[in-house]
Amino acid sequence: MQNAALRAVGLSDWRYQLLPVPPALFSETVRALPGAGFRGVNVTIPHKEPALALADEASDAARAIGAANMLLFEPDGRMVADNTDAPALIKAVPVPAAGKTALVLGAGGSARAAVWALLDAGAAEVRVWNRHPGRARELTDALGGTPAAGASPADLLINCTPAGLDGEGTWFKQLPVNADEIRMFGCVIDFAYGDAETPLISAAAARGIPRVDGLELLVGQGALSFERFTGRTAPVEEMQAAARAG
């Protein structure tokens with residue numbers, strides 16, 4: 001996706017590459033990257049919290065969420081952390097979040113980004129469900145919102161768990177809503193994605209419910225990262241085509 005974007009804007013001498021890094025070597029590796037010619041990095045689990053701690057500066061979103069999914073290496077030596085998951089979610093939701101109600105499933109990094117983004121955008125109510133209730137309470141104590149014991153009607157249902165990637169039956173056994181019950185939501189958003197449509201997105205499509213899948217969110221946060229790295233407008237259509245082809 002990112003290499004397709006680089007080609008599309010003519011940055012032929014840039015490359016986006018995978019760097020598998022064990023947690024024990026994360027700090028040492030990242031500090032060496034600017035000297036090796038890197039402009040920045042995206043980081044994934046389990047490096048999002050260490051990335052924030054390692055940075056010299058951080059955006060308000062990254063600080064509030066408590067996690068960063070990108071680091072930018074500035075020419076003056078500063079390492080700046082940001083979180084593009086949050087704005088990508090708000091941009092992807094087909095209705096303004098202001099005044100809306102939401103149920104967020106999960107309590108990890110994506111859920112933290114979703115809760116912060118929704119509240120920052122003026123959502124009227126954000127409920128958080130997790131199979132371990134204590135984790136949901138920890139999240140809402142830190143960021144706002146309300147822990148939820150189960151599913152109830154809301155304008156937005158946002159899945160921030162990996163549930164469902166192993167099959168439809170697994171998804172609906174792991175989470176507090178079944179296929180028919182998703183009719184109680186006005187829009188369904190799923191951070192999870194794989195080779196095929198997730199069971200949640202399939203169920204929403206079958207019932208005519210507006211939906212946003214994980215690949216759209218992936219492209220959204222990737223486009224924002226691309227613009228921070230390069231200073232160029234992201235070629236979103238090319239990125240979408242590459243992500244879905246991949």
Point to revise | Some residue of segment 189-205 being under 20 Å from residue 123 (Cβ atoms), surrounded by fewer than 20 Cβ atoms within 10 Å (Cβ to Cβ) and modelled with pLDDT of 85 or more | key: no
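Just for segment 137-157: of the residues that are of a type in the set (Gly, Ala, Ser) and closer than 17 Å to residue 109 by Cβ, which one is surrounded by the fewest Cβ atoms within 10 Å (Cβ to Cβ)?
Let us first name the residues in segment 137-157 that are of a type in the set (Gly, Ala, Ser), namely 142, 144-145, 148-152, 154.
From what is left, the residues that are closer than 17 Å to residue 109 by Cβ are 142, 144-145.
Numbers: 142: 14, 144: 16, 145: 23.
Within segment 137-157, the match that is surrounded by the fewest Cβ atoms within 10 Å (Cβ to Cβ) is 142.
List the helices (runs of 4 or more DSSP H) that sit entirely inside segment 32-134 and contain at least 2 residues that are assigned by TED's automatic domain parsing to the domain that holds residue 230, touching a strand residue (DSSP E or B) at 6+ places or on another chain (Cβ under 8 Å) and buried (at least 19 other Cβ atoms within 10 Å of the Cβ).
Details: elements: 48-54, 60-65, 85-92, 109-120.
Hits in segment 32-134: 48-54, 60-65.
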Study note, to complete from the structure: Among residues of segment 92-105 being in contact (Cβ under 8 Å) with a residue 60 or more places away in the chain and closer than 24 Å to residue 222 by Cβ, the residue farthest from the chain's Cα centre (by Cα) is 95
Check your understanding: Is at least one residue of segment 6-24 in a helix (DSSP H, G or I) and more than 30 Å from residue 241 (Cβ to Cβ)?
Key -> yes
Practice item. For residues that are at pLDDT below 95 and in contact with a Gly (Cβ under 7 Å, 6 or more places away or on another chain), tally how many sit in segment 71-96. Key: 3
Point to revise | Tally of residues being in contact with a Leu (Cβ under 9 Å, 6 or more places away or on another chain) and farther than 14 Å from residue 158 by Cα across segment 197-224 | key: 2
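Which one of 138, 197 is in contact (Cβ under 8 Å) with a residue 12 or more places away in the chain and in a helix (DSSP H, G or I)?
Result: 138 is the single residue among 138, 197 that is in contact (Cβ under 8 Å) with a residue 12 or more places away in the chain and in a helix (DSSP H, G or I).
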Study note, to complete from the structure: Restricted to segment 193-231 and to residues being of a type in the set (Ser, Thr, Tyr) and in the same structural domain as residue 11 (by TED's automatic domain parsing), the residue nearest to residue 42 (Cα to Cα) is 225
Check your understanding: Residues 225, 202: which one is part of a helix (DSSP H, G or I), closer than 25 Å to residue 131 by Cβ and hydroxyl-bearing (Ser, Thr, Tyr)?
Key -> 202
Check your understanding: Name the residues in segment 205-222 that are in a helix (DSSP H, G or I) and touching a helix residue (DSSP H, G or I) at 6+ places or on another chain (Cβ under 9 Å), would you?
Key -> 214, 215, 216, 217, 218, 219, 220, 221, 222
Check your understanding: Give me the pairs: first residue in segment 59-77 and farther than 20 Å from residue 16 by Cβ, second residue modelled with pLDDT of 90 or more and basic (Lys, Arg), beta-carbon distance under 6 Å, and six or more apart or on different chains, which are they?
Key -> 65/112
Exercise for review: Could you grab me the full set of residues in segment 141-160 that are among the aliphatic types (A, V, I, L, M), part of a strand (DSSP E or B) and free of Cβ contacts under 8 Å to residues at least 60 places away in the same chain?
Suggested key: 154, 157
Check your understanding: Quick one: how many residues across segment 228-246 are part of a helix (DSSP H, G or I) and among the polar types (S, T, N, Q)?
Key -> 2
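Can you go through 223, 241, 204 and tell me which one is within 24 Å of residue 95 (Cβ to Cβ) and in contact (Cβ under 8 Å) with a residue 24 or more places away in the chain?
On the way: 241 fails: within 24 Å of residue 95 (Cβ to Cβ); 204 fails: in contact (Cβ under 8 Å) with a residue 24 or more places away in the chain.
Of 223, 241, 204, the one residue that is within 24 Å of residue 95 (Cβ to Cβ) and in contact (Cβ under 8 Å) with a residue 24 or more places away in the chain is 223.
The values are calculated or read from the model by the stated rules, or taken from the named source; none is laboratory data. Here the structure is a predicted model, which is why all the values come from computation and not from measurement. So basically every Cβ, Gly included, is an ideal-geometry build from the backbone, and we count neighbours across all protein chains shown.
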